[in-house]
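The values are calculated or read from the model by the stated rules, or taken from the named source; none is laboratory data. Owing to the predicted nature of the structure, the values given are computational and were not obtained by experimental measurement. Neighbour counts are summed over all protein chains in view; Cβ atoms, including those assigned to glycine, are modelled from backbone coordinates with ideal geometry.
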Amino acid sequence: MWHIRESHGVKYLLSDSALAGGFVAGFTTRLGGVSSLSYSSLNLGLHVGDARERVITNRRRFAAALGVDLGCMVFAEQVHSNRVEIVNTQHCGMGVLEQETAVSKTDGLITSEAGVMLVLTFADCVPVILFEPESSVAAVVHAGWRGTAASIVRTAVSLITARFKVSPISIRALIGPSIGQCCYEVSCEVAASVRSARLAPAAGDAERSGEQAQCPRDIGVEPGRRVRLDLASENVAQLLDAGVPSRNIEHLKTCTSCHSDLFFSHRAGRGTTGRFAAFAYIPLEGL
């Protein structure tokens with residue numbers, strides 16, 4: 001279902017099922033760039049403290065590896081919200097060279113236009129790529145614990161089905177590398193906030209505080225204690241709740257903290273690290 005490609009020194013994961021559906025979608029690794037130290041080497045985040053010129057060089061290498069123009073990419077100012085925006089060719093270039101020009105305060109991007117490359121960046125949060133072959137719609141979603149608690153994945157599915165008149169049973173989902181339950185220890189209140197979102201309204205409050213949530217009985221510990229949360233599985237549950245069939249969900253179960261040699265991890269890097277990307281686009285001339 002997945003294979004690693006290398007081009008121009010850049011190593012990235014590409015989805016075979018997306019290719020079969022007419023899309024190019026996948027995830028970069030941290031390998032093949034020019035950044036150093038904690039940002040080594042293919043850091044694609046402009047907002048993490050790395051030298052801007054190195055990040056731009058890395059982005060150019062990323063574009064060259066995929067054979068696309070850097071100007072076709074669209075980045076977002078990710079703020080751990082549940083806001084999802086539909087973008088088109090007029091948005092191309094946003095956030096590519098300057099963080100300030102990215103799509104404002106958004107954690108999900110959707111497009112139905114060929115040649116528009118959606119790019120979001122990650123370092124432990126859950127990357128979710130959605131695509132619907134019949135209507136040629138693609139989406140990339142950034143789901144941290146706050147976005148998951150605010151049902152961002154279900155919000156994205158609802159927006160796709162409503163705007164493009166498709167059924168959720170035809171949507172396919174790719175869950176990329178993220179921090180695993182093995183390494184993701186959170187407060188009981190945070191875990192409760194995330195788990196309570198499974199059947200909550202899709203248009204939840206992105207600023208909802210985990211401290212106000214009650215610890216569910218299935219966690220099995222008292223409030224204030226620490227628990228290990230499977231954030232990726234919570235997003236899979238939201239996809240299922242939204243009507244996406246389990247057969248349409250591919251989960252690349254790779255922990256970013258355990259494999260910080262291959263992917264950036266905020267926790268493994270103790271707060272100072274780069275960002276890898278989740279990307280999706282519809283080729284202008286088909287595959």
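Residues of region 253-269 being modelled with pLDDT of 95 or more and surrounded by fewer than 24 Cβ atoms within 10 Å (Cβ to Cβ), which ones?
THR254, CYS255, SER257, CYS258, HIS259, SER260, ASP261, LEU262, HIS266, ARG267, ALA268, GLY269, listed by residue number.
For GLY108, are the conditions met, namely being touching a strand residue (DSSP E or B) at 6+ places or on another chain (Cβ under 9 Å), touching a residue at least 24 places away in the same chain (Cβ under 8 Å) and at positive phi?
no
Could you tell me which of the residues GLY22, GLY26 is part of a strand (DSSP E or B), under 25 Å from ILE175 (Cβ atoms) and small (Gly, Ala, Ser)?
GLY26
Would region 203-223 turn up any residue that is farther than 28 Å from SER15 by Cα, modelled with pLDDT under 95 and buried (at least 22 other Cβ atoms within 10 Å of the Cβ)?
Scanning region 203-223 turns up no residue that is farther than 28 Å from SER15 by Cα, modelled with pLDDT under 95 and buried (at least 22 other Cβ atoms within 10 Å of the Cβ).
Looking at VAL194, VAL153, VAL157, VAL190, which one is in a helix (DSSP H, G or I) and more than 19 Å from the chain's Cα centre (by Cα)?
Checking each option against the conditions leaves just VAL190.
Please give the number of the condition LEU13 fails out of (1) crowded, with 19+ Cβ neighbours inside 10 Å; (2) closer than 23 Å to ALA143 by Cβ; (3) over 16 Å from the mean Cα position of the chain (by Cα).
(3)
If a residue must be β-branched (Val, Ile, Thr) and over 15 Å from GLU134 (Cα atoms), how many such residues does region 162-177 contain?
Residues that pass the stated criteria total 1.
Across region 35-83, which residue is farthest from the chain's Cα centre (by Cα) among those that are hydrophobic (A, V, I, L, M, F, W, C), part of a loop (DSSP other than H, G, I, E, B) and surrounded by 18 or more Cβ atoms within 10 Å (Cβ to Cβ)?
Only one residue fits best here, namely VAL68.
Do we find that VAL96 is touching a strand residue (DSSP E or B) at 6+ places or on another chain (Cβ under 7 Å), of a type outside the set (Lys, Arg), within 27 Å of GLY269 (Cα to Cα) and buried (at least 24 other Cβ atoms within 10 Å of the Cβ) in this structure?
No.
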